[in-house]
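Single-structure report; data block below.
The values are calculated or read from the model by the stated rules, or taken from the named source; none is laboratory data. Note that this is a predicted model, so its numbers are computed, not measured. Cβ sites come from the backbone with ideal geometry, for glycine too, and all protein chains shown count toward neighbours.
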């Protein structure tokens with residue numbers, strides 16, 4: 001049995017060997033890694049500026065920014081077929097929107113759109129009997145107005161819980177084992193599942 005090796009195969013082996021050398025690694029770091037680092041610093045500048053070790057909002061900003069950046073490029077440069085690729089892009093943008101809603105505390109505003117604005121009354125400090133220098137804060141809202149405000153706050157909490165469940169779904173994705181084998185994957189796929197967001 002005769003074994004022959006093409007020159008292109010040997011060239012590939014040489015290239016692989018060269019890429020293991022410290023000279024190649026230094027070249028690659030200067031040419032690719034360092035410029036990519038500075039590009040990412042610019043892309044994630046707001047998240048970097050707001051990130052604190054004691055708060056989760058900065059971490060969420062990284063996800064929001066990353067999703068928007070990825071969606072923009074997958075939509076324009078992605079090689080996948082439109083039917084599934086555009087669902088992924090929509091899911092990326094939706095995840096970014098949900099995180100933005102959370103970080104900006106938009107739930108009361110969203111509930112007010114549905115139920116009407118929170119009613120603010122005049123606040124006053126009333127002395128507490130028998131306790132000098134102690135006051136309690138009271139407003140001049142009616143029982144009906146307080147009830148309305150309670151409904152708005154309750155609805156805001158419901159929206160927040162619902163959006164967090166949607167965030168979880170968008171990150172986790174669908175259970176493909178539940179897909180109908182008779183129907184094409186693209187028709188059942190909703191774009192969710194962060195592990196699938198690549199091109």
Given the structure, is residue 155 touching a residue at least 12 places away in the same chain (Cβ under 8 Å) and within 24 Å of residue 98 (Cα to Cα)?
-> yes
Among the candidates 104, 112, which residue alone is surrounded by fewer than 15 Cβ atoms within 10 Å (Cβ to Cβ) and farther than 16 Å from residue 46 by Cβ?
-> 112
Scan the stretch 28-44 for residues that are without any contact (Cβ under 8 Å) to a residue 12 or more places away in the chain and either surrounded by 14 or more Cβ atoms within 10 Å (Cβ to Cβ) or in contact with a helix residue (DSSP H, G or I) (Cβ under 9 Å, 6 or more places away or on another chain) (or both) and jot them down.
-> 28, 40, 41
Going through the stretch 49-92 one residue at a time, which ones are in contact with a helix residue (DSSP H, G or I) (Cβ under 6 Å, 6 or more places away or on another chain), at pLDDT below 95, in a helix (DSSP H, G or I) and under 30 Å from residue 185 (Cα atoms)?
-> 83, 84
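Condition first: over 15 Å from residue 98 (Cβ atoms) and assigned to a loop (DSSP other than H, G, I, E, B). Can you find one or more residues in the stretch 34-44 that meet it?
Initially, the stretch 34-44 is screened for residues over 15 Å from residue 98 (Cβ atoms), giving 34-44.
Of the ones still in play, those that are also assigned to a loop (DSSP other than H, G, I, E, B) are 44.
Looking for residues that are over 15 Å from residue 98 (Cβ atoms) and assigned to a loop (DSSP other than H, G, I, E, B), one finds at least one in the stretch 34-44, hence yes.
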